[in-house]
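Chemist: I am attaching a structure below and will ask some questions about it afterwards.
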């Protein structure tokens, strides 16, 4: 690309997937441009860049400084992509339109002639969603806390085929959380949530429980970047490249969580997986002991299993919402149903399946109290139900780690 410069303009950008996405899609060197409001005009006019994406809070603020808007940007009233043309003029576009359209198409719902309900339709993201849905032939209904249609009115739209969450509700770190229940929608065919962290929002997990297809916002992020790259350098990534990169980022960002019977090797295998991938390993029991200042067995013995499980759930909630970890869970994590969504929201779950005669109850008060066979009778169906992949234990933790990673790659 020569000396061309591309990047993302925003105020506080923090961690961003954008440099990775543009590098992987078309090989762009892509920078993060953090600027305060008073510096935006000079940044736009200084000529030191060739193409930028724009994020909150500048999507509308940049419009007065642009020479021309595409029809999509004119319709939406905001810009997320700017290119500097050969004559120095600035063209503003909104590739979020293309990104959200790709998300709707990925949901598999043919929205033409059907109702689509958009939570947060009065916001900037919501207005984009409404415009795309209307252009796709849907009757798009905006739902907000205050407005013509509120969350109290959802029962009037029971025939909606698609529900879209365009609010930040459910986004990390305030997750899992949902703007509303899907209970009112008897004819629902799909759910789209533009939140991409965590991988599965509470709304998506509710759809999953109801057997309704759901798709998260990471695909929208990659697809809008692909549309921007066409403007930046004329390269148009194929849909299959966009889908493959979305999957790659999702797998890299999700945790890998290990579950299984006490003594099945979750800690050592977790450490081996973390070493292979260069990730941080967290043993949930060790983290719990660090927080409580005493051993898990001491808490169970002195305060009872219920008290221990309450503390375990609280710790899991804090750890499992993070990204890119390897988490070794305690053997009894599956005994609390509320732990599954905490783990499932941002983890790929691996069950380690070790023969019962190789398990020991030494130092494990619940195993010693109830017996390994009884625990297995109760817990094994839960492990299997929670797991994305089931991995038989191998002769060494390193070999088990290799088999687990192969299973996840092929899942």
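The values are calculated or read from the model by the stated rules, or taken from the named source; none is laboratory data. Just so you know, these numbers come straight off a predicted model, no measurement behind them. Note that we place each Cβ from the backbone using ideal geometry, even for glycine, and neighbour counts take in every protein chain shown.
Chemist: Within the range 323-363, can you find the residues that are modelled with pLDDT under 95 and on the phi > 0 side of the Ramachandran plot?
Modeler: The answer is 363, and nothing else.
Chemist: Right, next: Across the range 231-240, which residue is modelled with the lowest pLDDT among those that are in a helix (DSSP H, G or I) and under 19 Å from residue 106 (Cβ atoms)?
Modeler: The qualifying residue modelled with the lowest pLDDT is 239.
Chemist: Which residue out of 239, 235, 226 is touching a helix residue (DSSP H, G or I) at 6+ places or on another chain (Cβ under 7 Å), under 30 Å from residue 84 (Cα atoms) and surrounded by fewer than 21 Cβ atoms within 10 Å (Cβ to Cβ)?
Modeler: Matching residue, one of 239, 235, 226: 235.
Chemist: Here's another thing I want to ask about it. Within the range 271-300, which residues are outside any helix (DSSP H, G or I) and either in contact (Cβ under 8 Å) with a residue 60 or more places away in the chain or within 29 Å of residue 399 (Cα to Cα) (or both)?
Modeler: Once the filter is applied, which keeps residues that are outside any helix (DSSP H, G or I) and either in contact (Cβ under 8 Å) with a residue 60 or more places away in the chain or within 29 Å of residue 399 (Cα to Cα) (or both), the range 271-300 yields 278, 279, 280, 281, 282, 283.
Chemist: Could we say that residue 85 is within 30 Å of residue 5 (Cα to Cα) and free of Cβ contacts under 8 Å to residues at least 24 places away in the same chain here?
Modeler: It is true that residue 85 is within 30 Å of residue 5 (Cα to Cα) and free of Cβ contacts under 8 Å to residues at least 24 places away in the same chain.
Chemist: Can you report the number of residues in the range 369-391 which are assigned to a loop (DSSP other than H, G, I, E, B) and either in contact with a helix residue (DSSP H, G or I) (Cβ under 6 Å, 6 or more places away or on another chain) or modelled with pLDDT under 85 (or both)?
Modeler: 1
Every residue, every condition in (1) in a helix (DSSP H, G or I); (2) touching a helix residue (DSSP H, G or I) at 6+ places or on another chain (Cβ under 8 Å), yes or no:
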residue: 38; (1), (2): yes, no
residue: 52; (1), (2): no, no
residue: 79; (1), (2): no, yes
residue: 83; (1), (2): no, yes
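Chemist: For residue 193, all conditions in the list (1) under 24 Å from residue 174 (Cβ atoms); (2) touching a helix residue (DSSP H, G or I) at 6+ places or on another chain (Cβ under 6 Å); (3) in contact (Cβ under 8 Å) with a residue 60 or more places away in the chain hold save one; what is the number of the exception?
Modeler: Residue 193 satisfies all of (1) under 24 Å from residue 174 (Cβ atoms); (2) touching a helix residue (DSSP H, G or I) at 6+ places or on another chain (Cβ under 6 Å); (3) in contact (Cβ under 8 Å) with a residue 60 or more places away in the chain except (3).
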